[in-house]
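Below you'll find the structure, written out as structure tokens, and then a few comments.
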Amino acid sequence: MTPGASFLISGVSGWLSGARAAENANGPSDAIARQNMLQLIQLRWIAVAGQVVTILAVNFGLRFKLPLFEMMLVLAALVALNLFSLLRLKRAEPLGPYDLFAALTLDALALTVQLYFSGGATNPFTTLYLLHVILGAVLLEAWATWAIVALISFCFVGLIAFNRPIITTGLSDQAFFELFVMGMLIGVVLDALLLVTFVGKINTNLRRHDARLAELRQQAAEETHIVRMGLLASGAAHELGTPLATLDVILGDWRRLPFFAANPELAQELEDMRGEVSRCKAIVSGVLQSAGEARSGEVRASTLRAFMDEVVAEWRASRAEHNLIYDTDLLDATPIVAESTLKQVIHNVLDNALEASAATTRLMAVIRNGWIRIEVEDDGAGFTNATLEALGTPYNSTKERDGGGLGLFLVVNVLRKLGGRVSAANRPEGGARVVLDLPLSSLEIGGHRVD
């Protein structure tokens, strides 16, 4: 028995870890690659300890005379490789495909050195070379796989001609052959176990990578949908400007007619109509302003408490008949950028709560551990299970009307751009709760992230 088996356990884990890094090196997948490298580092530490035990057991237990000093130098090289890997993880550059190829190459060379010191090609653990070939075929590009095959073939042929024979005393040829067969059995079992274990982990990481890519594609599709909606909204706002101005002029002329002056009730309704038309004109003007280059002039400094008070006051001003309970423990000492997009997000959530609520809506704003949490609760019927499962997708709504469900869709996407998240649930006592969480840093002056 040789320490080659223990070394290969470390090597295979390293190859697989590096491979997953190579497969997932682009963009956000680099995080998965770094996790795999950490796994490699941990497994190598275990492998170093295993090799120490194996070398001592083979040398002193089975009385095979091994060159302890030289084989311990290989272990020292593995320790140095792990230290280098730790330093590599601290660098900002993503892990690339050559990291995997280098890991496989170094592991093959280290195995060759260990086999050289423990019988060469006659060592039964030469079967572990097959792991390099199989894993290379799974993880590497074609050229790299063939390079690994060529390297292993060259190393095996070299071990036939150059090696240190195993020296032992007190063993018959039959006993030696039985040990050789036992070593072959252990090598084959190790091959099978390592391949099943680590190829399974590779497939898991690949599925995770594919799921991440699918999520990014979905986000890109949603953002494209938002852009189209923005174009349609700005176009509609532009077209609505003229008829709204005409209605305003007509209503202004009507208020001067004696008929309305003599009927206070109709006069009041006329004023209400003018007020709603003015509100529509303000909304249209806001859409056009936000769609144009004037948006950069909109960004202004404020405090979080003042911003939230302003959001609530503006919403209440046009919906005075509804009972909105506003709770907060925010202080005035938190400077932020008064992001108009976030204001519209909160208004959207409050509007949804208003439509669903029977009497009362509650808004709470707090800061916890560097995150802003805004909770909106209503006492309506709550969400259906299907709506909760598809939260954030367009046209997902309990409202039975065409085009419904865009409010939360926009809310989810804006919060995602700010680095936050949206969650929703039904309250045990009845009604629904929508929670907006976003990092305070995303609203810091000079650091707001919404494009």
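No lab work stands behind these numbers, since they all come straight from the coordinates. Note that the structure is predicted; figures quoted are calculated from it, not measured. Every residue, glycine among them, receives a Cβ derived from its backbone with ideal geometry; neighbour counts consider all protein chains shown.
Positive-end ranking of 73, 127, 150 along the dipole of region 72-183, with charges on Cβ about the Cα centre, is headed by 73.
Let me make sure I get this right: for region 63-150, a, b and c are the square roots of the gyration tensor eigenvalues over alpha carbons, sorted descending. Under 1.5 in a/c it's rounded, otherwise prolate if a/b > b/c, else oblate. Which is it? It is oblate, given that a/c is not under 1.5 and a/b is not larger than b/c. Per-residue packing, averaged as other Cβ atoms within 10 Å, sorts the ranges 317-323, 125-131 into the order 125-131, 317-323, beginning with the highest.
Once you list every other residue whose beta carbon is under 12 Å from the beta carbon of residue 423, what net charge do they have if Lys and Arg are +1 and Asp and Glu are -1?
Working: positive: 373, 421, 433; negative: 375, 437.
Net charge in that neighbourhood comes out at +1.
With the cut-off at 1.5 for a/c, could you classify region 91-219 from its C-alpha gyration tensor as rounded, prolate or oblate? Don't skip to the end; give the middle numbers.
Numbers: a/c = 3.42, a/b = 2.12, b/c = 1.61.
It comes out prolate by the Cα gyration axes.
Computed from the C-beta positions of residue 331 and residue 423, the FRET efficiency with R₀ = 35 Å rounds to 0.85. Derived scalar couplings between HN and Hα for region 325-330 equal 9, 10, 10, 7, 10, 5 Hz in order, rounded to whole Hz, by the Karplus curve 6.51 cos²θ - 1.76 cosθ + 1.60 (θ = phi - 60°), x for Gly and Pro.
Computed packing ranks the peptides 140-147, 329-336, 103-110 as 103-110, 140-147, 329-336, most packed first, by mean other Cβ atoms within 10 Å.
Grab the other residues whose beta carbon is less than 11 angstrom from that of residue 273, score K and R as +1, D and E as -1, and report the net. Can you show the working numbers first?
Values: positive: 255, 274, 279; negative: 248, 269, 271, 272, 276.
Summing Lys and Arg as +1 and Asp and Glu as -1 gives -2.
Once the chain from residue 130 to residue 150 is taken as fully extended at 0.36 nm per residue, the excess over their C-alpha distance is 6.0 nm.
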